[in-house]
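Working notes, structure below.
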Amino acid sequence: GQCIANCPTGALHERDDTERVFDAIFDPDTITIAQVAPAVRSSWAELLDLGGKPPTPGRMVAAIRRLGFDYVFDTDFAADVTIMEEASELIEHLKEGAEGPMFTSCCPGWVRFAKTRYPELAKKLSTTKSPQQIFGALAKTYYAEILGVDPAKIFVVSYMPCVAKKMEAAYPGMDSTGTGPDVDAVLSVRELTRQLRQRFVNVDLLEEEDFDRPLGVATGAGHIFGVTGGVMEAALRTAYNFVTGENPDADAFHEIRSEGPERGWREKGFQLPDRTLRIAVASGLANADALCRAIERGEASYDFVEVMACPGGCVGGGGQPIIEGFNLSADRGCTLRIIDEQSELRFSHENPAVKACYDDFLGEPLSERAEELLHSDHGDWAMPFRVTADGTEA
Ligand code: SF4
């Protein structure tokens, strides 16, 4: 209930895209690719009976594969790519001595809010696309090249904790190949649950399976994108490496996670070799509003700010399962933190599949090709949109 009430899109009646996805899956000429967002692995089985088995990411992969996709990949791979770009952007931002903070831009609810309410601050949004959109762009270019197929034959489906992601996929400029949107359909976790029931997938019999490769390889830094403070922490791990040439302790920035924001958001200063980096993290639009107001009035000043529209981050997203009387976002956030702690690799820049993608295809972060495929000018599309009852924008 609370999640829907807080849904930043105002799209209380979500559009059901499950049939369109099944049409693509059953079309023998279409190559169907699923990508699964970080926060989905923390909640996918909440409305399913797994017969006592733990709802691990491996069982989630097996369940989604049973729907008939050709490939099941991980949005968290693209989250690692987002970090490569965004950490590089942050370093440029600091070098230029720019006024005011750079803001994260991977949450379309926040981007939309910033553009409507704080247009001056919106000019400082990171241009790096969200993991969902980076995945779509790479699936239809880099991966199409690996497969040796026309990108028009590829149909990308996102499983997201979010309703606003349906709109993000339709924004202008999100068509990298001229063959249609990079992400063809976006389904919520509730729609995933519905699909598994429609196809009579015996989730209680599933054994764990791995994501497909290479776009299914991800690090702990990618997994924490789904919880408030996660994008900031992942970006700092990599920015520190880019500046010093060495890795910090993977938990060096753990203070970002601590509870109890004083003014509705959390703020910290971290000592880098040559300066103090001042950061702030907010989740929930009321908190984001208070933070933006403080920045505009000069009552607060930061170098880098993360904002997520939903309370607790995507774990509290409007596309998550709803269980009346329960708010599960804190538990889901813990699940993502544990997955990070247990990950073999915890730095985005150490992801071998990401390294291969740069070596073979993108070149360096912020290269011409990276700018073209992985960045977007938020000024491209006008605000405000009118949201219609089926969740689309007119
Ligand atoms: Fe979507 Fe996550 Fe932003 Fe909520 S916090 S609007 S779920 S991207």
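Values for this structure:
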{"quantity": "Filter result for Tyr71 (under 25 Å from Gly316 (Cβ atoms), away from the ligand (no atom under 16 Å from the Cβ) and touching a residue at least 12 places away in the same chain (Cβ under 8 Å))", "calculated": "no"}
{"quantity": "Segment 318-348 - residue that is polar (S, T, N, Q), crowded, with 24+ Cβ neighbours inside 10 Å and modelled with pLDDT of 95 or more and, of those, farthest from the ligand (Cβ to nearest atom)", "calculated": "Ser348"}
{"quantity": "Pair list, Cβ under 9 Å, 6 or more apart: segment 52-67 residue part of a helix (DSSP H, G or I), other residue among the small types (Gly, Ala, Ser)", "calculated": "Arg59/Ala45; Met60/Ala45; Val61/Gly216; Ala63/Ala45; Ile64/Ala34; Arg65/Ala34"}
{"quantity": "Residue in segment 160-167 that is surrounded by fewer than 24 Cβ atoms within 10 Å (Cβ to Cβ), within 16 Å of the ligand (Cβ to nearest atom) and at pLDDT below 95 present", "calculated": "yes"}
{"quantity": "Odd one out for Glu86, checked against (1) over 20 Å from Arg194 (Cβ atoms); (2) modelled with pLDDT of 95 or more; (3) outside any helix (DSSP H, G or I)", "calculated": "(3)"}
{"quantity": "Residues within segment 283-317 that are touching a Phe, Trp or Tyr at 6+ places or on another chain (Cβ under 9 Å), more than 11 Å from the ligand (Cβ to nearest atom) and not acidic (Asp, Glu), tallied", "calculated": "10"}
{"quantity": "Residue match in segment 312-321 (condition: among the β-branched types (Val, Ile, Thr) and either within 20 Å of Ser126 (Cβ to Cβ) or in contact with a Cys (Cβ under 8 Å, 6 or more places away or on another chain) (or both))", "calculated": "no"}
{"quantity": "Single residue of segment 349-382 satisfying the filter (in a loop (DSSP other than H, G, I, E, B) and buried (at least 20 other Cβ atoms within 10 Å of the Cβ)) that is nearest to the chain's Cα centre (by Cα)", "calculated": "Ser376"}
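The values are calculated or read from the model by the stated rules, or taken from the named source; none is laboratory data. Keep in mind that this is a model prediction, so the values were computed, not measured. Here Cβ is always computed from backbone atoms with ideal geometry, including for glycine, and neighbour counts include all displayed protein chains.
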